[in-house]
Amino acid sequence: MKKEYQYILFDLDGTISDPATGITRSIQYALSFFEITVPNPEELTKFIGPPLIESFKEFYHFNDDQALLALKKYREYFVAKGMFENYLYKGIEELLQTLKEKGKTILLATSKPEPFAKQILEHFNLTHYFSFIGGATLDGSRSTKTDVIRYVLKSNQITEPGKTVMVGDREHDIEGAKNNGITSIGVLYGYGSKTELQKAGADFLASDIKELMMLL
């Protein structure tokens, strides 16, 4: 028997929209400040999803100060152009509309800074589907997916973990859901591999948006 979810938390990048062009160009811009050239943007898609400061440290071994400066340079390009070099996954708006019509409570839980997430949803005219838009803070005080999910749940006084699910494409989404005691669905059309999502402990996997709709 299929579980009935009332509260559905969605990740943004790699789940609702494909931000690869804007994010990789923003990363290239930031790295160029450090005289690091990455001609192939495909190499930078690993930055999509996790908190950026962590990724600059992991992939380029930046120290704290360098990672903060890289984030500042990233945002210079991202705010001016990169935010909108982005497109919706085919079928995602229909999914949101169907869930809304069924009376589901749809919420956003993204590691992207909340002001940027709001602008992106407005750009795609999706804001009206969401009861709440939750993201990271610009100052980094709330940055992990675990913290973002906790913030979304607390802000909306959601106290029924059995009726709550997190939908995302990376291990951070799955781990964040587990750390908050809620179910997780890993989507395979984004930027996380099946192995990554399974290793993180995803409760369910959806290969495409049609399959995601069946799970929800």
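All Cα-Cα distances of segment 2-54, cut into 5 Å bins from zero to the largest, leave 4, 17, 23, 20, 11, 7, 6, 5, 3, 2, 0 percent in each bin in turn. In a simple Cβ point-charge model (Lys, Arg +1; Asp, Glu -1; nothing else charged), the chain has a dipole of about 480 debye relative to its Cα centre.
Of the options (1) 18.9; (2) 11.3; (3) 17.0, only one is mean projected area of the Cα convex hull in nm² as computed from these coordinates, and that is (2).
Fully extending the segment from N179 to K210 would add 8.4 nm, taking 0.36 nm per residue of separation and subtracting the current Cα-Cα distance.
Dipole size of segment 105-173 about its Cα centre, with +1 on Lys/Arg Cβ and -1 on Asp/Glu Cβ: approximately 120 debye, rounded to the nearest 20.
Computed from the C-beta positions of F84 and F34, the FRET efficiency with R₀ = 22 Å rounds to 0.30. Rg and Dmax over the alpha-carbon atoms of segment 121-208 stand at 13.4, 35 Å. Put simply, when 202-209, 59-66 are sorted by average Cβ atoms within 10 angstrom per residue, most first, you get 202-209, 59-66. For the cross-link pairs K3/K210; K102/K163; K57/K178; K102/K210; K104/K199, which exceed 19 Å when the distance is taken from alpha carbon to alpha carbon? Where the Cα-Cα span goes over 19 Å, the pairs concerned are K57/K178; K104/K199.
Once the cut-off is 21 Å, how many percent of the Cα-Cα pairs in segment 1-90 end up in the long-distance tail? Taking all Cα-Cα pairs of segment 1-90, the fraction more than 21 Å apart is 35 percent. Report the label-to-label distance for E101 and T21 in nanometres (one decimal), using points 7 Å from each Cα along the Cα→Cβ vector. Those two pseudo-labels are separated by 3.0 nm.
Across segment 79-216, Cα pairs under 8 Å and at least six residues apart give a relative contact order of 17 percent.
Between 0 and 90 degrees, the angle of helix 64-80 with respect to the longest Cα principal axis of the chain falls at about 70 degrees.
Evaluated with a Cβ-only charge set (Lys, Arg +1; Asp, Glu -1), segment 20-84 carries a dipole of roughly 260 debye about its Cα centre, given to the nearest 20. Under 5 Å between amide hydrogens, built in the peptide plane, is the criterion, and for A206 it picks out G186, V187, L188 among residues at least 5 positions away or on other chains.
With a 10 Å cut-off between alpha carbons and a GNM built on the chain, which of T21, T37, T110 moves the most? Among T21, T37, T110, the largest GNM mean-square fluctuation belongs to T37.
Who wins for biggest fluctuation among Q119, Q157, Q198 in a Gaussian network model of the chain, springs between alpha carbons below 10 Å? Greatest mean-square fluctuation among the candidates belongs to Q157. Here the gap between K194 and E4, fully extended at 0.36 nm per residue and compared with their Cα-Cα distance, gives a gain of 66.0 nm.
Read the figures in this text as sums done on the coordinates, not as results from a lab. Since this is a predicted model, take the numbers as computed values, not measurements. Here Cβ is always computed from backbone atoms with ideal geometry, including for glycine, and neighbour counts include all displayed protein chains.
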